[in-house]
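We did not get these values from a lab; they are worked out from the coordinates using the rules stated. Given the structure is predicted, the values throughout are model-derived calculations rather than measurements. In this analysis, Cβ positions are derived from the backbone assuming ideal geometry, glycine residues included, and neighbour counts consider all displayed protein chains.
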Amino acid sequence: MARIANGDRKAFEELYNLYHRRMARFLTRLTHRFDLAEEVINDTFMVVWRKARDFRGDSQPSTWILGIAYRKARNALRSSARLGEQNLEVESLPLTSDEALRTEELRDWLEQALAQLPVEQRLGVELCYELGYSCEEIATIMGCPVNTVKTRLFHARAKLQKLLPQLAGVGAATPQVAGVRQSAQERHES
């Protein structure tokens, strides 16, 4: 970050290449729009370039950068909602094996369930389980107390526990859904 603060374009390019894919995945899942995700990434890196001197090192650079991206995405989503913009659907690729089909089906259920969560809960789940951030890091990114993050994750898991079996069309969770839920719970508790 110090090199970027001194105007080192090569260091900035390296940082961009290091974080672009992770941010694109996170922001596309959050916004469900590739164009908006790319806009947020560009805005985020513009802030990183201009404000690199302000990075104090209290957290990892990734936490600082995702915090900026989170706030930019939240503002972009609010603006989109005010303008009445519609989400773009993501096309899925054809699958060839039964295992791939089951995995894709489970992924679809999970995406549908996540889409039904409030934005703050969905972001917490994405940051925790998709990107592997701790509750403390998520609190820094989202600008809220750690206990708020834990509460959001608790409520998100409870909602997902109800939604996933409904999306699967069964009264109780299928073994795959139950396994995902158990795995997510174990990661959070560790």
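Relative to the present Cα-Cα distance, how much length would full extension add between Arg53 and Ser134 at 0.36 nm per residue of separation?
Values: separation 81, 0.36 × 81 = 29.16 nm, distance 2.54 nm.
Contour length minus Cα-Cα distance gives 26.6 nm.
Got a sec to turn the phi values of segment 6-21 into Karplus ³J(HN,Hα) couplings, 6.51 cos²θ - 1.76 cosθ + 1.60 with θ = phi - 60°, whole Hz, x for Gly and Pro?
Running phi through 6.51 cos²θ - 1.76 cosθ + 1.60 with θ = phi - 60° gives 8, x, 6, 5, 5, 5, 5, 4, 4, 4, 4, 5, 5, 9, 4, 4 Hz.
With no solvent and one point per C-alpha, what does the Debye sum give as log10 I(q)/I(0) for segment 1-91 at q = 0.13, 0.22 Å⁻¹?
-0.45, -1.05
So for the pair Gln116, Glu39, with labels modelled 7 Å out along Cα→Cβ, what separation do we get in nm?
Result for the modelled spin labels: 2.9 nm.
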